1. Enumerate by residue number the chymotrypsin sites (Phe, Trp or Tyr not before Pro) in region 1-64 meeting two conditions: DSSP loop (anything except H, G, I, E, B), and at most 14 other Cβ atoms within 10 Å of the site's Cβ.
2. Highest GNM mean-square fluctuation, the chain, Cα pairs closer than 10 Å: which of 24, 160, 115?
3. May I ask you to sort 154, 80 by Cβ crowding, counting other Cβ atoms within 10 Å and putting the fewest first?
4. Computed FRET efficiency, Cβ-Cβ of residue 180 and residue 156, R0 22 Å: what is it to the nearest 0.05?
5. Quote the relative contact order of region 107-181 in percent (integer), defining contacts as alpha-carbon pairs under 8 Å separated by 6+ residues.
6. For region 143-158, in order, what is each residue's ³J(HN,Hα) by Karplus, 6.51 cos²θ - 1.76 cosθ + 1.60 with θ = phi - 60°, in whole Hz (x at glycine and Pro)?
7. When N is the residue count of the chain, what does its C-alpha Rg come to as a fraction of 2.2 N^0.38 Å?
8. Placing unit charges on C-beta atoms (Lys and Arg positive, Asp and Glu negative, everything else neutral), compute the dipole magnitude of region 54-181 about its Cα centre in debye, rounded to 20.
Amino acid sequence: MKFERTSIPDVLVLEPDVFRDARGFFFESYNRRGFAAATGLDVEFVQDNQSRSARNVLRGLHYQVRQPQGKLVRVVAGEIWDVAVDLRRGAPSFGRWAAAKLDAASHRMLWIPPGFAHGFVVLSEQADVVYKATDFYAPQHERTLLWSDPAIAIPWPLAGEPVMTDKDRRGVPLAGAETFD
């Protein structure tokens, strides 16, 4: 497994070793030892999640103020633009975002550590997104950062108005958001 750092060094793009032949391909989507060897991080995942979304669906920007989740995100069908916003007040990258295009063809993944808000927009007709989380979903602690906050200025690659939930439309701007110390 290879990895590269994004504009926020703690957010990583991972590229697994893919073995292709006439039958198709094989790769390990996750191996704890391989992940630790490549990144220097030894994390424990406790939950896997999967979503299916249509073109121009924007999900996020979600985070949990207690039980913050680190996420290892990958796409098993389609293509997304995946975004992480640093909400760690003491970090030099506080309030900044990093993004990566993820798609089923490349098998690339994005590691988003705890303390970040996470969201994505679907670029293909539809996309199936799978992610591993380092803590359990806790709806009482979930918060939504405003996807269109001008203070963060994420240049979402949208084709018109995004399709999203009311909860995501009503996200809180960074200035009023609960963050991490």
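1. Counting only loop positions with at most 14 other Cβ atoms within 10 Å, the chymotrypsin sites (Phe, Trp or Tyr not before Pro) in region 1-64 are 27.
2. Checking each option, the largest mean-square fluctuation is seen for 24.
3. 154, 80
4. 0.40
5. Worked out over region 107-181, it gives 36 percent.
6. Calculated HN-Hα couplings, in order: 10, 10, 7, 5, 4, 10, 4, x, 5, 9, 6, 7, x, 4, x, 9 Hz.
7. Rounded to two decimals, the normalised Rg is 1.00.
8. 220
No lab work stands behind these numbers, since they all come straight from the coordinates. The shown structure was predicted, so the numbers you read here are calculated from the model rather than taken from an experiment. Neighbour counts are summed over all protein chains in view; Cβ atoms, including those assigned to glycine, are modelled from backbone coordinates with ideal geometry.
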